[in-house]
């Protein structure tokens, strides 16, 4: 195929305005868009250009997911995330996961929290053209304290080196952790301000840091040219993070009025990530170990999030969109686009607004802010072509049958699924039995 392409669009989604346009064409040279506009006004293009006719399709910028964990491996337990599978295997597994996400129409990803330097390696492999994959922007380990998300294990076990978490015990310790991560090449810093319903050590969502501690860590990250994203579900964590000047807050489900005021004053963006809650509520079976307690907790959190995040939307807070893919209930390449529906269904955004969040607004947090999320002249030709109009039905991108074509840097992506993929025994704990076989249990089985 020629390096020069003319792509005819049936319906074109302009991410800058949220409008649908017709009789639109894209001229692409190499990986870049050189013209985007009405066909009638298009300049003469080389006779050598390949004509690609999507005249009956919906054409839009490739989608962006700012909350993906490539090192998690669709984990069923926290131990699966932190303890099992070598870091080297996690990187190779994560590369294949990234390609699945690309086939789902997501041409850029942000990975906030990885084990070791796994996501950095995947990022660099794609940048070096060793593998086809989405553009990646990533952090290192999640930095926190004893009350934060990453301190899962008993104190006599501690936090292993292979964990996604880094526990710091002082401001100096935290600053050193940030400096090491910057040296290793992270694109941004991730802090865990509190825990969540799955972590029994942080049920009350106490803030993991004092205000002066967060202030110092955020100031150091910003001094070194790195943005800061935080995990914060509770009001205290959200307020403390916002006052410290963080750039992006994940979740914020239990954000109170004081916290919302701090977010508005700071200009921080929010990324609710409702898919983990919604999928867990809808998919978890009664036989799953955390069934009753976790599902009930997530029902309560979803109810709170609908109220609190709707208030944030009404207050004009900037929203980004992310799926938290990487858990067994949010597998790679499957449910990313459900977060579009969640923003419409639960938070009151219009379909066009949700599409803008997943393209133009999400682009702001990537390394490629001036090149992705739009298809204007000078942007990368990262393109999603759909059968169906997501402005009319926001669920269209979720159905894989509607993914007609994906282009990454102007090159069509092979959408054929990897049907040979399998799981390796070393990815999981060595489980022998599901229950204790007392005499009563054995009698019940007879």
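The values are calculated or read from the model by the stated rules, or taken from the named source; none is laboratory data. Since we're looking at a predicted model, the values are computed, not measured. Note: ideal-geometry Cβ built from the backbone for every residue, glycine included; neighbour counts use all protein chains shown.
Within the stretch 186-277, which strands (runs of 3 or more DSSP E) (wholly inside it) include 2 or more residues that are touching a helix residue (DSSP H, G or I) at 6+ places or on another chain (Cβ under 6 Å) and surrounded by 20 or more Cβ atoms within 10 Å (Cβ to Cβ)?
On the way: elements: 188-192, 227-234, 248-254, 269-271.
Per the criteria, 227-234, 248-254.
Filtering the stretch 394-428 to residues that are in a loop (DSSP other than H, G, I, E, B), touching a residue at least 24 places away in the same chain (Cβ under 8 Å), farther than 30 Å from residue 86 by Cα and out of contact with any strand residue (DSSP E or B) (no Cβ under 6 Å at 6 or more places or on another chain) leaves 394, 395.
From the list 108, 144, 119, pick out the single residue that is more than 16 Å from the chain's Cα centre (by Cα), crowded, with 24+ Cβ neighbours inside 10 Å and within 22 Å of residue 251 (Cβ to Cβ).
Numbers: 108 fails: more than 16 Å from the chain's Cα centre (by Cα); 119 fails: more than 16 Å from the chain's Cα centre (by Cα).
From the options 108, 144, 119, the qualifying one is 144.
With the requirement that a residue be outside any loop (DSSP other than H, G, I, E, B), closer than 22 Å to residue 86 by Cβ and either free of Cβ contacts under 8 Å to residues at least 60 places away in the same chain or out of contact with any helix residue (DSSP H, G or I) (no Cβ under 8 Å at 6 or more places or on another chain) (or both), what does the stretch 119-135 give you?
If the condition is that a residue be outside any loop (DSSP other than H, G, I, E, B), closer than 22 Å to residue 86 by Cβ and either free of Cβ contacts under 8 Å to residues at least 60 places away in the same chain or out of contact with any helix residue (DSSP H, G or I) (no Cβ under 8 Å at 6 or more places or on another chain) (or both), then 119, 121, 122, 123, 124, 125, 126 are the ones that fit.
Within the stretch 284-298, being surrounded by 15 or more Cβ atoms within 10 Å (Cβ to Cβ), part of a helix (DSSP H, G or I) and either free of Cβ contacts under 8 Å to residues at least 12 places away in the same chain or touching a helix residue (DSSP H, G or I) at 6+ places or on another chain (Cβ under 8 Å) (or both) holds for 294, 295, 298.
Within the stretch 20-45, can you find the residues that are within 24 Å of residue 355 (Cβ to Cβ) and free of Cβ contacts under 8 Å to residues at least 40 places away in the same chain? Once the filter is applied, which keeps residues that are within 24 Å of residue 355 (Cβ to Cβ) and free of Cβ contacts under 8 Å to residues at least 40 places away in the same chain, the stretch 20-45 yields 21, 22, 23, 24, 25, 27, 37, 38, 39. What residue, among those in the stretch 345-371 that are out of contact with any helix residue (DSSP H, G or I) (no Cβ under 8 Å at 6 or more places or on another chain) and part of a helix (DSSP H, G or I), is surrounded by the fewest Cβ atoms within 10 Å (Cβ to Cβ)? Restricting to residues being out of contact with any helix residue (DSSP H, G or I) (no Cβ under 8 Å at 6 or more places or on another chain) and part of a helix (DSSP H, G or I), the top hit is 345. Among the candidates 205, 248, 191, the residue that is touching a strand residue (DSSP E or B) at 6+ places or on another chain (Cβ under 8 Å) and modelled with pLDDT under 95 is uniquely 205.
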